[in-house]
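Accompanying notes for the structure given below.
No lab work stands behind these numbers, since they all come straight from the coordinates. All figures in this text were calculated on a predicted structure; none of them were measured in a lab. Virtual Cβ from ideal backbone geometry, glycine too; neighbours counted across all protein chains shown.
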Amino acid sequence: MRTTRALAAAGAAVAALGLAAPAAVARDGMGVSPSNIVALPSVIARGGQLTVTVDNCPTGGTMTSDAFPSTTLTPIHGAGQTAKGTATINDNARPGSHSITVNCNGRTLTNPAAFTVIGGVQGGIGGSRSTGAAPADIAIGGGLVAAAVVGGGVFWVRRRSEKRI
């Protein structure tokens, strides 16, 4: 009976050491390859900010793309093996799908279609580009609001005069 207990205790100790050894190697960053590159938002306009997270990158690193300059990845405290970086998309980035290459611990990983850049909207005569409301849009909206206020006032005055009869 004592031999069985001793054997079980020795087996448990060996199993605990066997499970702890890979975790100890992973914590120092040696032998860890980056994985799971996630870019948010996945569709972004030129000049926008892109946030990239990478798993298995405990000491940080760099990320590069043809749509933004090389950017630093920093470890996220409390997230263990994850690193994060924020890049600003170039104003002259071509519309379409772009890749991100990450370098962590001397090892690289590429996500070939990590995000998509969209260009300006072409509309109107001459293919002009607009990013917000034009003065004509504001005038039309203001006119509609004014018409609604006048129409509501007329309706309210008519309802009051009908009650007196």
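More than 23 angstrom separation, counting every C-alpha pair in the stretch 40-121; what % is that? In whole percent, the long-distance tail amounts to 19. A simple packing score, the average count of other Cβ atoms within 10 Å per residue, orders the peptides 135-141, 42-48 as 42-48, 135-141, with the highest score first. Spin-label pair V38-A146: with each label point 7 Å from Cα along the Cα-Cβ axis, the two points sit 5.0 nm from one another. In the stretch 78-118, the ratio of gyration radius to Kirkwood radius, Rg to Rh, stands at 1.04 when only Cα atoms are counted.
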